[in-house]
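Throughout, read-outs are computed from the coordinates displayed, never taken from laboratory work. Just so you know, these numbers come straight off a predicted model, no measurement behind them. Ideal geometry is used to build each Cβ from the backbone, glycine not excepted, and the neighbour counts take in all protein chains shown.
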Amino acid sequence: METDDAPEGAPAADTAARVREVIADAGVSQREFARRVVMDPSKLSRSLSGTRRFTAAELARIADEGRVDAGWLLGTRPAEKASAPVTAAEGGRPLQIVRETVRLIAEHGFHAVRVADIARACATSSAAIHYHFPGRAELLEAAVRWCMDEDTAHRAARLAEADDAAAELRRLIALQTPRTAQQRRQWAVWLDLWAEAARSTAVGRLHSEYYRQWRETVADVVRRGVGQGVFRADVDPRAAALTLTALIDGLATHVLSVSGPPADAAADAMHAALTAHVTHTILAA
């Protein structure tokens, strides 16, 4: 059985049952709850099924999100589900920590950000940061996962608004063009993580999974477009997704290297180049 530095306390089955109760009280899906506690959905699933034990940090985040006592989850406190204090940050302390970590990485780069910097930004102590995320590696993985989840959620919302596959592709391009401060911050994090992914196995897996999901999203849009007759019949969806991804990454890197008003012009040029590419290679005549 996978243990992952499991804490002492009640049997794993009892703890899993309590976590299930917290998820049920939250009124959201298991995947959405995993997003809220910045946890790999597959790890949450394995822990709930009994093939993996929750780590102390994971239980701390679950307790924070569920507003319950961590001791109750572990079975080291009375059976009553005592409420945990509510933090000022929207979404609870763990998400506040992750959001501030993302902001600081975007501004300074991951290797220049210390836990003390994150604690100062969250108006808390370094010990409180370590309570939720034991080390820098866990923080980095959580930051990557949060960026992935945010991007996936925005992508799904924008695609739901589109009338056909051509409109879907235009919306995807708009989402990937770093115009707003939030988009530039997220791209800055991705640029910093490309190098980190080559050194970190955990981050590398997340990085690969994100790009796999992104390319599949684009390929699915292209397949729909071919079926709708808005895209050329001879377009290879996977090849189109790979080419578009490479163009987006290269052009976004250029936009991020520009600051001030010229950055707006660079973003406009990126959007125009991507639109022209789609018009000439994917759209039906």
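Assuming charge only on the beta carbon of Lys and Arg (+1) and of Asp and Glu (-1), the dipole of the chain about its Cα centre is about 80 debye to the nearest 20. Spacing of the modelled spin labels on S29 and A239, each 7 Å from Cα toward Cβ, amounts to 3.4 nm.
Looking at the chain, do any whole DSSP H helices span at least 20 angstrom along their long axis by alpha carbon and average -0.5 or above on Kyte-Doolittle, and which? Show your work: numbers first, answer last.
Details: long enough: 12-26 (21 Å, 0.23); 93-108 (22 Å, -0.17); 136-160 (36 Å, -0.31); 181-199 (28 Å, -0.68); 201-228 (40 Å, -0.78); 237-256 (28 Å, 1.07); 261-281 (31 Å, 0.11).
Membrane-span-like by this criterion, though nothing is claimed about a membrane: 12-26, 93-108, 136-160, 237-256, 261-281.
Based on DSSP H segments of at least four residues, each scored -39500 (n - 2.57), the chain has a per-residue ellipticity at 222 nm of -23000 deg cm²/dmol.
Once the Cα-Cα distance is subtracted from the 0.36 nm per residue extended length, the A276 to R232 segment shows a gain of 14.4 nm.
Magnitude of the charge dipole for segment 163-285, about its Cα centre and with charges confined to Cβ atoms of Lys, Arg (+1) and Asp, Glu (-1), is about 160 debye. Here each label is just a point 7 Å from Cα along the line to Cβ, and for A265 and S42 those points are 4.7 nm apart. Between T180 and T201, the simple spin-label model (points 7 angstrom out along Cα→Cβ) gives 3.8 nm.
A simple packing score, the average count of other Cβ atoms within 10 Å per residue, orders the peptides 151-162, 134-145, 243-254, 51-62 as 51-62, 134-145, 243-254, 151-162, with the highest score first.
Take the alpha carbon gyration tensor of segment 183-285, find the square roots of its eigenvalues, order them as a ≥ b ≥ c, and report rounded if a/c is under 1.5; if not, report prolate when a/b exceeds b/c, else oblate. Note, shape of segment 183-285 comes out oblate.
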